1. Which of the residues spanning segment 119-141 are touching a residue at least 12 places away in the same chain (Cβ under 8 Å) and either assigned to a helix (DSSP H, G or I) or farther than 25 Å from Cys171 by Cα (or both)?
2. Within segment 32-51, how many residues are outside any loop (DSSP other than H, G, I, E, B) and either on the phi > 0 side of the Ramachandran plot or at pLDDT 75 or above (or both)?
3. Test Asp54 against the stated conditions and say whether it is more than 29 Å from Leu242 (Cβ to Cβ), modelled with pLDDT of 85 or more and out of contact with any Lys or Arg (no Cβ under 6 Å at 6 or more places or on another chain).
4. Residue by residue through segment 67-118, note down the ones that are among the hydrophobic types (A, V, I, L, M, F, W, C), surrounded by fewer than 17 Cβ atoms within 10 Å (Cβ to Cβ) and in a strand (DSSP E or B).
5. Considering each residue of segment 178-196, count those that are of a type outside the set (D, E, K, R) and closer than 30 Å to Asn165 by Cβ, and give that number.
6. Determine the pairs where a residue that is over 20 Å from Ser9 (Cβ atoms), located within segment 19-36, has a partner that is part of a helix (DSSP H, G or I) and among the hydrophobic types (A, V, I, L, M, F, W, C) with Cβ atoms under 9 Å apart, the partner being 6 or more residues away or on another chain.
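The values are calculated or read from the model by the stated rules, or taken from the named source; none is laboratory data. Note that the structure is predicted; figures quoted are calculated from it, not measured. With ideal geometry, Cβ positions are generated from the backbone for all residues, glycine too; neighbour counts draw on all protein chains shown.
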Amino acid sequence: MTTLHIVMSDLEVTHATFTKVSLLQKRLSANIVWYLHHHQRFFDRYYFSHELADISNSLQANHADKIAQVKSKINKHFPASKVEICQDKYWSKNVNDNAETEDPRVIIRSTSGLTSADHQYISHNKHTLFILSQQKWLADGKAIGAIDPFHEDDSENKSDVQVFNFIRQWCSVSEKKEPFLLHVIHIPPLAIEYEKQIETLHKEQVYGFAKKVKCPRDMINFTRGTPEHALLTYVDDNKIDLIALGCREHSVFDKWLNGSTISALITHQNADLVLLKTP
């Protein structure tokens with residue numbers, strides 16, 4: 001049985017968070033381990049002298065109370081789950097020491113977005129990774145898999161196969177009445193006169209991939225625009241809760257520097273993602 005390793009860098013937990021985690025647990029048939037990350041850089045400073053000792057003690061007591069409250073809420077909703085406290089600057093070692101290779105990781109965004117520790121882990125991620133906001137899902141985890149079988153560094157489309165396999169297992173019978181794979185057709189401004197030819201090429205490539213994985217054509221949809229904007233617009237228009245994307249061998253951080261679709265979506269506060277690492 002797999003285990004979900006859920007990291008919270010914000011000592012706030014919402015009902016929406018519990019609902020999402022419960023749905024993840026059910027769909028993945030998983031156990032759960034929670035990690036409450038609350039590293040306080042303020043307490044590391046050498047200038048924190050005796051004159052500030054009372055303030056330090058008060059702040060640390062407040063944090064201890066907050067942790068206890070969050071832990072109590074987690075235990076109430078998930079009595080069989082385990083809760084660990086991460087006080088180091090980065091939480092990656094705590095998680096990786098406990099997790100098996102195939103275990104999915106889950107990052108719950110803080111109310112202010114991803115923390116530096118979250119970004120550090122994402123940039124070196126080699127596992128299935130969910131990145132979730134604390135906002136409510138509209139359709140009980142309705143998901144879409146974004147595919148793009150055009151990459152020179154993935155001639156066998158391993159990344160898109162990962163997306164297809166995940167989304168096929170994730171989607172319920174009712175959801176399969178609607179397309180669960182999406183491809184964005186991007187026409188560069190300088191190539192607009194070749195619009196029809198480029199669109200035909202995209203569809204031929206995508207349908208060729210569909211044939212390879214035995215995916216019915218009516219389970220694939222197309223949209224137009226720059227990938228990140230087109231995906232977010234499609235998600236909003238179709239009440240999609242979760243976007244599945246494949247990550248290839250180079251790190252997410254490398255792609256970040258190159259302005260990739262994944263990097264753009266990661267920085268979008270409300271986009272819930274699952275990043276699937278290609279073996």
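1. Gln120, Tyr121, Ile122, Ser123, His124
2. 6
3. The answer is no for Asp54.
4. Ile85
5. 9
6. Once the first residue is over 20 Å from Ser9 (Cβ atoms) and sits in segment 19-36, its partners that are part of a helix (DSSP H, G or I) and among the hydrophobic types (A, V, I, L, M, F, W, C) give Arg27/Trp170; Leu28/Trp170; Ala30/Leu24.
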